[in-house]
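What follows is a set of notes on a single structure, which appears directly below.
The values are calculated or read from the model by the stated rules, or taken from the named source; none is laboratory data. Note that this is a predicted model, so its numbers are computed, not measured. We place every Cβ from the backbone using ideal geometry, glycine too, and count neighbours over all the protein chains shown.
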Amino acid sequence: MIKRRAILFALILLMTPLFSGCGSGGEKPLGERELVRINNLTISLEEFRQMSERQPLEWKMRLVSEKGLRDFLENYVITREILYQEAKKRGIDSKKEIVMKVEDFRRAMAIDALLEETLRDKGEVSDSEIQQFYQENVGGFTEPQEVKVRHIFVTSDAALQEVLTRLSRGEGFETLASIYNVDKSREDGGNLGYIRRGQLAPVFGPFEEVAFSLKKKGDISEVVKTLHGYHIIKLEERRGRVVRPLDKVKEKIRFFLQQKKRQEVYLEYVKEAKAKAKVTINEKLWGEEEKKGAKPTEEKK
């Protein structure tokens, strides 16, 4: 913050001669805290700081240097104000569609601020609530079944025939994977480690189905064809579903319960606000509008 202030004051010294020159034609010179004048509008240093502070984080990262600040001043602040003044001259800011958009935005901002104030601290979740939710929904915190497999992976018919012939002679699966595999698994005898249900990309769906269909350790599959080539799979190990410990899912549960609580508070608040408000609907007029809206559907029939 100190560094940024130093840069800003350095900017004042750099820019004061430039903008003070604007008053040479009888215009009033810039005041001590006035950073820039654009036609009849003056922007103070404090206002410029507020503009820079309101920028998204990625923009703020660019404003830490003197060049970044100067670019922001000239290419954003000044340019935007010049264009806005031109729009006002043409009466664009008073057009009905613009006024409606501004009003919609104002309402949205006001509603967001209201809900933020209403829902503040309403989503607090205790450890006991997290523990209870975990116990009541433990089925949702289990790891899917996994299988540990090796494969022989080739991309040509000729290589596949050689592998099948040598397997039929009783040659070792790992040895053949180390010789023939066209992927990195050849370095470890075709070892792919543990595969989880749904882990593989859709193109490997047939591979996954066959891998999980193997029942006993040492079982070897028939040839499986994917878009990438031919696979022969060997089951090394199978392990069932394992419940994830609470400490691994605690924050996930906390976030879920916080959002749930906030949603409940929101719905209750809206219900109470509606109960206090006096709302009258012109049902006759609404019925006519409904009929108009239904006509296109009826015509299609």
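Listed by first and then second residue, the pairs linking a residue in region 65-80 that is in contact (Cβ under 8 Å) with a residue 12 or more places away in the chain to a residue that is of a type in the set (S, T, N, Q), with Cβ atoms under 7 Å apart and 6 or more places separating them unless they lie on different chains, are F72/S52. How do the helices (runs of 4 or more DSSP H) wholly within region 89-191 filter down when requiring 1 or more residues that are of a type in the set (S, T, N, Q) and in contact with a Gly (Cβ under 9 Å, 6 or more places away or on another chain): which remain? Counting at least 1 such residues, we get 173-180. Going by what's in this entry, would E298 be described as outside any strand (DSSP E or B) and either surrounded by 15 or more Cβ atoms within 10 Å (Cβ to Cβ) or modelled with pLDDT under 90 (or both)? Yes; evaluated as a whole, the condition is true for this residue. Of E103, E129, all but one fail to be touching a Leu at 6+ places or on another chain (Cβ under 8 Å), among the charged types (D, E, K, R) and under 30 Å from A273 (Cα atoms); the exception is E129. Here Q258 fulfils each of the conditions (1) free of Cβ contacts under 8 Å to residues at least 24 places away in the same chain; (2) within 26 Å of the chain's Cα centre (by Cα) apart from (1).
Residue by residue, here is whether (1) more than 32 Å from the chain's Cα centre (by Cα); (2) under 25 Å from K28 (Cα atoms) holds:
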residue: L45; (1), (2): yes, yes
residue: M51; (1), (2): no, yes
residue: L63; (1), (2): no, no
residue: R70; (1), (2): no, yes
residue: D93; (1), (2): yes, no
residue: V99; (1), (2): no, no
residue: D104; (1), (2): no, no
residue: L115; (1), (2): no, no
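This table checks each residue for (1) in contact (Cβ under 8 Å) with a residue 12 or more places away in the chain; (2) surrounded by 14 or more Cβ atoms within 10 Å (Cβ to Cβ).
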site: V163; (1), (2): yes, yes
site: S178; (1), (2): yes, yes
site: K184; (1), (2): no, no
site: E187; (1), (2): no, no
site: L192; (1), (2): yes, yes
site: G198; (1), (2): yes, no
site: V203; (1), (2): yes, no
site: G218; (1), (2): yes, no
site: V223; (1), (2): yes, yes
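Residues in region 206-216 that are exposed (fewer than 12 other Cβ atoms within 10 Å of the Cβ) and at pLDDT 90 or above were compared, and the one that is nearest to T165 (Cα to Cα) is K216. Is region 275-284 home to any residue that is in contact (Cβ under 8 Å) with a residue 12 or more places away in the chain, among the β-branched types (V, I, T) and more than 30 Å from T175 (Cβ to Cβ)? The answer is no; no qualifying residue exists. I need a count of the residues in region 92-123 that are within 24 Å of E268 (Cα to Cα) and β-branched (V, I, T). Here the count works out to 2. Restricting E174, E129 to residues that are of a type in the set (D, E, K, R), within 35 Å of the chain's Cα centre (by Cα) and surrounded by 13 or more Cβ atoms within 10 Å (Cβ to Cβ) narrows the list to E129.
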